[in-house]
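Enquirer: Here you go, one structure.
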Amino acid sequence: MSLETKEYCDAVATGRRPRPLKICFLSSMHPPLDKRVHHKEAVALATAGYQVVHIAPGDGEEFVADGVSITTYKGDRTKLGRISRLPKLWRLARRANADCYHCNEVDSWLVGVLLKIFSRKTVTFDIHELHSNDLAERCFPAVLRPLVVKTTRTVLSLLTPFTDRLVLAKKSAGQEFPRSRAKQMVVENFTETKNVSQLPASCGLSRDHSQDVTAVHLGAINRVRGWPQMLAALSKTKSSNIKLRVIGRFGDGSQEEFLRCVRDLGLEDRVSFEPWMPYDQVPQELGRCHIGLITFQPVSQNFIHAMPHKLFDYMLASLPTITPSCAIEVSDIVSSADCGIIVDSTCPDEIANALDRLAEDPGLCRRLGDNGRSAVFDRYNWENEAKKLVQMYDEFELARAS
């Protein structure tokens, strides 16, 4: 072992890093304060002592948040806009002059690969979804989708040799890269337990059946995430004391249709809608609810293989969940942890029955909620996943010091 390498190992052992890598997160779509990219990954690495930068679309501002230096660049979010922004992202990435580039979309990954080729940088690709299926389902008719998936995966495989590590946000994302298992590392989207003090120790549902029971849907909302089925289910529940709280942002322009449907079903006094809120406010707001909802519709492979943040936020808040049977990884977790009721999310009657069952049985509600909370502390927490991410960059740093 060289003297330099020994110095590095001694520094790691004592918690000091005299020459930390500079890590740059590259985003072409994810916002500067994205939950996974910023609040989880970038903050975890900054906390571990690394110099971390995040370049993301925004208003052109530069600022520091949670120890992470953030540079934003202007541009529209259309498909053509994403392409036109790539030269700008390339220039900002080169100006950052980082040692490692952590790429969060296919187009930002392309920028990372060019940096690898021309500047010998370390590059990782953080895979959040099944990109080939997403492209095929959004842009092509059903008859062409198998060909598009195969072609896209071939293109992705051409970029992989120029990539040091593939970081998977969910296990199923690895199916995009069947020949690159050795480069894959799973860092799943579990929740942080640091804000647990803001939450009640258990589900707040009492045995008083006159109490309002609040079901919550947290995060992005649109038709294919099931708001029509949620509203139809609410209109079918036996109890009018069951309320629905939607916290998030409509991603498909259907907000007015949602509000019109609420009026048409006579649910104005049972449904509330709030816009997106800061990440650190979520635990406190969930503490005011009783049931967590996930109602993905089986229209996309990315929903079938979903691993949503909200599931683990619900579990940490001791909320029993109502989750879709079509979401394979979600239903496996809910089943193994025994923390919710799995339903056919296309069927409002099944959702309504699950809501009634939980509202009428506080004991069941509390047991499932407590099971979910325990499972987060035992297995499904971000702190365990963050250690894997930090270790990966420790290995990169050690390799450079050797």
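Enquirer: Provide the solvent-accessible area of Ile291, counting protein heavy atoms only and rolling a 1.4 Å probe, rounded to the nearest 10 Å².
Expert: Looks like 0 Å² after rounding.
Enquirer: Among the DSSP beta bridges whose two residues both lie in the chain, what percent are antiparallel, rounded to the nearest 5?
Expert: Here the antiparallel bridges make up roughly 10 percent for the chain.
Enquirer: Could you put Tyr73, Tyr279 in order of accessible surface area, largest first, with the 1.4 Å probe and the full protein assembly present?
Expert: Tyr279, Tyr73
Enquirer: I've got another one for you. On the accessible surface of region 228-325, probed at 1.4 Å, how many percent belong to carbon and sulfur atoms?
Expert: Ligands and nucleic acids excluded, carbon and sulfur reach 47 percent.
Enquirer: For region 29-79, which trypsin sites (Lys or Arg not before Pro) pass both filters: DSSP loop (anything but H, G, I, E, B) and at most 16 other C-beta atoms within 10 Å?
Expert: Lys74, Arg77
Enquirer: For the ranges 372-378, 384-390, what's the packing order if you count other beta-carbon atoms within 10 Å of each residue, average per peptide, and put the highest first?
Expert: Taking the mean over residues of other Cβ atoms within 10 Å, the ranking is 372-378, 384-390.
Enquirer: Just to confirm a number: summing +1 for Lys and Arg and -1 for Asp and Glu over residues other than Val282 whose beta-carbon lies under 12 angstrom from that of Val282, what do you get?
Expert: -2
Enquirer: Kindly report, to the nearest 10 Å², the accessible surface of Arg366 as traced by a 1.4 Å probe over protein heavy atoms only.
Expert: Counting only protein heavy atoms, the figure is 100 Å².
Enquirer: For Gly58, which sequence-distant residues (separation of 5 or more, or a different chain) have an amide H within less than 5 Å of its own amide H, given hydrogens modelled in the peptide plane?
Expert: Tyr73, Lys74, Gly75
Enquirer: Taking amide H positions as placed 1.01 Å from N in the peptide plane, with prolines and chain starts having none, which residues 5 or more places from Val343, or on another chain, fall under 5 Å of its amide H?
Expert: Residues meeting the criterion, in which the H sits 1.01 Å from N, are Thr323, Ser325.
Enquirer: Here's a follow-up. For the pair Thr151/Lys171, report the inter-label distance in nm, with labels modelled 7 Å from Cα in the Cβ direction.
Expert: 3.3 nm
Enquirer: Which net charge results for the neighbourhood of Asp252, defined as the other residues with beta-carbon distances under 10 angstrom from its beta-carbon, given Lys and Arg at +1 and Asp and Glu at -1?
Expert: Net charge in that neighbourhood comes out at +1.
Enquirer: Filter the cross-link list Lys22/Lys194; Lys183/Lys387; Lys116/Lys183; Lys40/Lys183; Lys116/Lys150 down to pairs whose alpha-carbon distance in this structure exceeds 19 Å.
Expert: Where the Cα-Cα span goes over 19 Å, the pairs concerned are Lys22/Lys194; Lys40/Lys183; Lys116/Lys150.
Enquirer: Taking the Cα centre of the chain as the origin, how large is its charge dipole in debye, to the nearest 20, when only Lys and Arg (+1) and Asp and Glu (-1) carry charge on their Cβ atoms?
Expert: I would put it at about 1300 debye.
Enquirer: Name the GluC sites (Glu not before Pro) in region 44-116 that are in a loop by DSSP and that have at most 14 other C-beta atoms within 10 Å, would you?
Expert: In loop regions of region 44-116 (DSSP not H, G, I, E or B), the sparsely surrounded GluC sites (Glu not before Pro) are Glu61.
Enquirer: If Lys and Arg each add +1 and Asp and Glu each add -1, what is the summed charge of the other residues whose beta carbon sits under 11 Å from the beta carbon of Ala96?
Expert: +4
Enquirer: Say the dipole of the chain comes from +1 at the beta carbon of Lys and Arg and -1 at that of Asp and Glu; which of Pro320, Gly49, Gly287 then lies farthest toward its positive end?
Expert: Gly49
Enquirer: Put +1 on the Cβ of each Lys and Arg and -1 on the Cβ of each Asp and Glu in the chain; which of Phe162, Ile342, Gln175 then has its Cα farthest toward the positive end of the dipole?
Expert: Phe162
Enquirer: Work out from phi, with θ = phi - 60° and the Karplus expression 6.51 cos²θ - 1.76 cosθ + 1.60, the ³J(HN,Hα) of each residue of region 145-161, listed in order in whole Hz, and give x for Gly and Pro.
Expert: Values, residue by residue: 4, x, 5, 5, 4, 5, 5, 4, 5, 5, 4, 4, 5, 6, 7, 4, x Hz.
Enquirer: Rounded to the nearest whole Å², what accessible area per residue is found for region 39-130 with the 1.4 Å probe?
Expert: Averaged over the residues of region 39-130, the accessible area is 44 Å².
Enquirer: A follow-up question, please. Can you return the lysines within cross-link range of Lys238? Criterion is Cα-Cα under 29 Å, with same-chain partners fewer than 8 residues away left out.
Expert: Lys310
Enquirer: Want the number for Phe118 to Phe140: 0.36 nm per residue separation, take away the alpha-carbon distance, what's left?
Expert: This chain segment gains 4.5 nm when fully extended.
Enquirer: Taking all protein chains together and a probe of 1.4 Å, list Arg138, Arg260 from the most accessible to the least accessible.
Expert: Arg138, Arg260
Enquirer: Explain nothing, just compute: Karplus ³J(HN,Hα) = 6.51 cos²θ - 1.76 cosθ + 1.60, θ = phi - 60°, for every residue of region 169-180 in order, whole Hz, x for Gly and Pro.
Expert: 6, 8, 4, 5, 5, x, 5, 5, 10, x, 9, 10
Enquirer: Can you send over the solvent-accessible area of Leu147, 1.4 Å probe, protein chains only, in Å² to the nearest 10?
Expert: Surface open to solvent at Leu147 totals about 110 Å².
The values are calculated or read from the model by the stated rules, or taken from the named source; none is laboratory data. This structure is a prediction, so every number in the text was calculated from the model and none was measured. Note: ideal-geometry Cβ built from the backbone for every residue, glycine included; neighbour counts use all protein chains shown. In case anyone asks, the SASA skips ligands and DNA or RNA and just uses the protein heavy atoms, side chains included. Shrake-Rupley method; radii C 1.70, N 1.55, O 1.52, S 1.80 Å.
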